Structures are given as C-alpha cells and as structure tokens.
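Beneath this line is the structure, given in structure tokens, with notes to follow.
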Amino acid sequence: MFNKIIKRGNRKGARGDGGENAARPAAPSSSSGGGGGGAGGAAPVTVNHASRATVASPSSPTSPHVAASALATNPAAGSASPPLLEPLPLLRDVAAADRPGLLLRKLRLVAAIFDLSDSLKHPREKEAKRQALLELVDYVQAPAQAAGANAPAAARLPDHVQEALVAAISANIFRPLPPALHESAAAIDPGAAPDDEEEPFLDPAWPHLQLVYELLLRYVVSPDTDTKVAKRYVDHAFVLRLLDLFDSEDPREREYLKTVLHRIYGKFMVHRPFIRKAINNVFYRFIFETQRHNGIGELLEILGSIINGFALPMKEEHKLFLARALIPLHKPKSVAIYHQQLSYCIVQFVEKDYKLADTVIRGLLKYWPVTNCQKEVLFLGELEEVLEATQPAEFQRCMVPLFKQIGRCLNSSHFQVAERALFLWNNDHIVSLIAQNRGVIFPIIFEALERNIQSHWNQAVHGLTANVRKMFLDMDSELFEECQQQYTEKQAKAKEMQEQRESAWRQLEAVVAAKAAGDDMVLVN
C-alpha cells in the first residue's frame, strides 16, 4: 500500500511539471532556457512546452513558438525525447528523405548549453556538440553536394528545419554578456577612473561560439536560403538581440557579428529600414546616456558600406541620420576609438551629396574640443578630408566660422595641433578654395600667423608658419601688405590702450595712496 502511494505521488509530480521530466535529456548537461532541452512529442506535451517558453530565460530562442516545435524530434504521441548522446550517423550516409529528421536530432544536441569555462565538465557532450556543429556548417555551406544536385532547396532545408536551426543558434549566442571591465572596477571602487588601455576580454567559450556564428553566417549567405521563409525566423526580434551582442568585449565576436548583420542587411531587403533605425537607437543611447559601448566602430563599418550604396537624390531620412546621429558621435570622449570609421561615413555623405558639406563642417565646429588636444588633431584630419570634397559654393557659406577656428588652432600651444592646422595648406584643393576667397580669409588668418612668427615656442611650427605666410605673399602681395598694415595699426592701438589702462591704474593708485596718507594725519588745535 505504501509503495502504491509513493508511485501515485511521483506521477502527480511529473504531471505538475508540465512535461519537464519527459523532455529532459538522458545524459547530464548544464543546458538552460527553452533552446537548451526542448523536445516535444504529442500535442499536449507541445502545448506545455510552448507555455513554458513564454517565460523563458534570456538564452531561449527569439520567438516563443520556436522552442515548442522547432526542436521536436519524435512525432509519436506521448514518447520521450531520445538521449542527448545517442550515436547519430553522418548526414552524407543517410538517404535524402531521412535527412530532415537527422538534422533535427543533431540540432537538438547543438541547442544544449554547457559550461565551457570548465573543460572538465561534460567533455563527451561538448565534443559531440562540436562535431555536430562542424557537420552542420559543411552541410549548410554546400547543400548541393550534401543533399544531391537534383534536390530542390526546400528539401535541403525544410521550414521546420530552418526554424530549429535558428532556435539552436539563438540558444547559444543570445546570452547575458559578462560585466564590462569598467563596470567591475566601478563596483570595487566607485571613484576609480576608467582605464581604456585594459586588455580586451576574450571569451573562453569562443572556439565553440565561433562554430555557431559560422553556422549562422553560412545559413544567411546560402543561395538555398529563401528569404520569404527565413524572414519568419530571422525577424526583427532576432535582429535586435543580435545588435545587443555588439557590446561584447571580445573583438572576435564583434567581427563575426559585423559580417553577419551586414549579410542580413544585404539579403533581407524587408529588414533594411528597421536595421538602420535600430542602429540609430544604439547610437542615441551611447551618445546621450551611457557613453560606453564596445561595438560602435563595427556598426559604423556596416554603415559605411550602406551609405556607399545610397541612391541619389538622397532621402531626407538619411540626411536626418547624418545630422542627428553621425555628427553628434563626435561628442563622446572615446571618439578616438571609432573615429576612423566615423570619418569614413561622414566623407561618404559629402561625396554623395556635396551640398551636405556646410552641414558637416558646422557640425564639426559645434562639437569642436576645447581642452582635448588629441581630439583636435583628429578633427583637423577629418576636416581636411571633408574640405577636399567640398565645392566653392558650400565653402563660402561656412568659411568665416571655419577659419576663425583654424586660426585658434594655429595659435595652440600644443605643437601637434598647430602643426596639423598648418598642414591644411599642403592640400591643393584647399589652397585653391582659400585663393578664391582670399579677401575674406586673409584678414582672419593673418593675425594668427604673425603671433606664431613672434612668439610660438616650437621651431617646426615657426617654419611651417613662415611657409604659409610666404604663400600668402606670393598669392596676393597687395592684400598681404594691406593685412600687414591693418595688423600694425591694430597692434599700435592695442599698445596705446594698454598704456592708457596702465596710466589709469597708476592714477587710481596715487589717489588711493593720497587718501590713505590723509586719513593717517592727526589734526592739532
């Protein structure tokens, strides 16, 4: 009687768990989430799995229905999942009709998650999963050889296999990223300054993750992947979670993500506006909230290729993206990390539409650094590239504020800033723009050049300034003499004003001294 009660209690417990015990792999594993151990059977079991996937952990697949049906391998009613480490034949050794079922069984193994930071845990399962990933990469990469040259694309990767494939990939790559180095330092010492020279974090699980990313990449670029079918699984939610991974500290992962997202943008035309908007939102959060993100450079590399393909006339949406996202990216302190990619995107806009040069130059002047000399050198280099693509009409609109700023850079006490500003006159296109508008530019620049000649401490800056001054003299001697006369008169007036000021101070001091002496006198009657 006691044994019957125990057995009845066990049956109730199993039913209350919603099929969890039936769906759990026989071999030990540390799989987590809906993508790690999903295997359904009859309709009741499938319903239970779907309900559990709606509250799945972050490592579960993108869509709630993925864990319910994508990894179901046994259609028999009420049957349990096959063991995780059951011996499976190679795909090339089975008939074409049996391959979809075998693919699902291999994908079930791939969807299992193991602790890869400890090599002593589950070594057999990990090796079996690695072999399954290698075989799947080869199968997806060369489907014609794997499934037969005469087999249609739908037979090579049926819909339910594609769903299971994306679910298994999602279970592996969509995971909580480890805390960033600066966050860990802040937790220990809130007053500690961030160290940008720290070595990047290298994920110990990368040899395994690389195979998963390679599988995703081969799936996206495969000519047999029908976008009409694949877009149901590589959807907006999938793209958003992919963008979240760009904050990974491992540069190898970011490189793969860059390639994958670029391929998705190229193949799934329906996703293109959404991807551009999602990248915008990443930039907005970085600029105005966090000022911390590891993947800005990689996202800008993707955008550089996208901007290169913009059709003319350029849409208003793209111009707003330039003004609201790209130009404000010059504001953060860490701009040096991604400045090369940012500069490329900016120059691409100006080369596509020369009328945007005025917007870009005024944007650079708006975010021009005041105390950061290294950023000033970067800005001057970018400014030269923009001016090289600028037409005379746009140059005239912004030349006055532009050369006022260049004049301040010429007088910078940091010799690299002054030197980089003087290098602008080595560019023939910029010199021609200056020559066409010398009547406006000479008076603005002349005073800065004279100050360098008289008082700058660096000899290299002295020599470059003398060369530019001589270039002005050869270009228009009359204007040069006029500017020199105006400068001499201005200096004389300044000297006269200084003498008047000193004279006024001396008179004031004399009055104060006389009053103080008068107060100290004692009157005797």
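The values are calculated or read from the model by the stated rules, or taken from the named source; none is laboratory data. Worth saying up front: this structure is predicted, and the values here are computed from it rather than measured. Counting neighbours? That spans all protein chains shown, and the Cβs are built from the backbone with ideal geometry, glycine included. Just the protein is used for accessible areas: all its heavy atoms, side chains included, with ligands, DNA and RNA removed. Shrake-Rupley method; radii C 1.70, N 1.55, O 1.52, S 1.80 Å.
Cβ under 13 Å from Pro207's Cβ, Pro207 left aside: what net charge do those residues give with Lys, Arg +1 and Asp, Glu -1?
In short, -1.
Dipole of the stretch 288-367, Cα-centred, from +1 at each Lys and Arg C-beta and -1 at each Asp and Glu C-beta, to the nearest 20 debye? Let's see the in-between values first.
On the way: 10 positive and 8 negative charges, 60 e Å.
That gives the stretch 288-367 a dipole magnitude of about 300 debye.
Students often get this wrong, so check it: of Lys258/Lys404; Lys267/Lys366; Lys228/Lys277; Lys231/Lys366; Lys333/Lys404; Lys258/Lys319, which have C-alpha atoms separated by over 30 Å?
On the way: Lys258/Lys404 40 Å; Lys267/Lys366 38 Å; Lys228/Lys277 22 Å; Lys231/Lys366 42 Å; Lys333/Lys404 24 Å; Lys258/Lys319 23 Å.
Check vs 30 Å cut-off fails for Lys258/Lys404; Lys267/Lys366; Lys231/Lys366.
So if we plug the beta-carbon distance of Arg408 and Arg252 into 1/(1 + (r/R0)^6) with R0 = 30 Å, what FRET efficiency do we get, rounded to 0.05?
0.10
Considering only protein heavy atoms, what is the solvent-accessible area of Met269 at a probe of 1.4 Å, reported in Å² to the nearest 10?
Answer for Met269: close to 130 Å² accessible.
Heavy-atom accessible area per residue, the stretch 277-350, 1.4 Å probe: how many Å²?
Accessible area per residue, the stretch 277-350: 44 Å².
Taking the stretch 294-390, which chymotrypsin sites (Phe, Trp or Tyr not before Pro) meet the DSSP loop condition and have no more than 15 other C-beta atoms within 10 Å?
When the chymotrypsin sites (Phe, Trp or Tyr not before Pro) of the stretch 294-390 are filtered for loop state and at most 15 Cβ neighbours within 10 Å, Phe310, Tyr367 remain.
Along the stretch 498-505, what does the Karplus equation 6.51 cos²θ - 1.76 cosθ + 1.60 (θ = phi - 60°) give for ³J(HN,Hα), rounded to whole Hz, x for Gly and Pro?
Computed from phi, the couplings for the stretch 498-505 are 5, 5, 4, 5, 5, 5, 4, 5 Hz.
Run through all the Cα pairs of the stretch 412-520 and give the fraction in each 5 Å bin from 0, expressed as whole percent.
Reading upward from the zero bin: 2, 10, 16, 16, 14, 10, 6, 5, 5, 5, 4, 3, 2, 1, 0.
If you take the Cα atoms of the stretch 377-426, find Rg, then find the Kirkwood Rh from the mean of 1/r over all pairs, what is Rg/Rh?
Reported Rg/Rh (Cα atoms, Kirkwood Rh): 0.97.
To make sure I understand the rule: partners must be aspartates and glutamates, Cα under 19 Å from the Cα of Lys355, and not fewer than 8 residues away in the same chain. Which ones qualify?
Hits, sequence-local ones excluded: Glu316, Glu317, Glu382, Glu384, Glu385, Glu388, Glu394.
Once you have the Cα-Cα distance between Asp98 and Gln507, take 0.36 nm times their residue separation minus that, and quote the gain in nm to one decimal.
Result: 136.6 nm gained on full extension.
What FRET efficiency comes out for the pair Lys267/Arg130, r = Cβ-Cβ distance, R0 = 35 Å, nearest 0.05? Present the calculation step by step, with values, prior to reporting the outcome.
Numbers: r = 28 Å, r/R0 = 0.79.
Computed FRET efficiency for Lys267 and Arg130 comes out at 0.80.
Going out from 0 in 10 Å bins, what whole percent of all Cα-Cα distances in the stretch 252-351 drops into each bin?
14, 52, 32, 3
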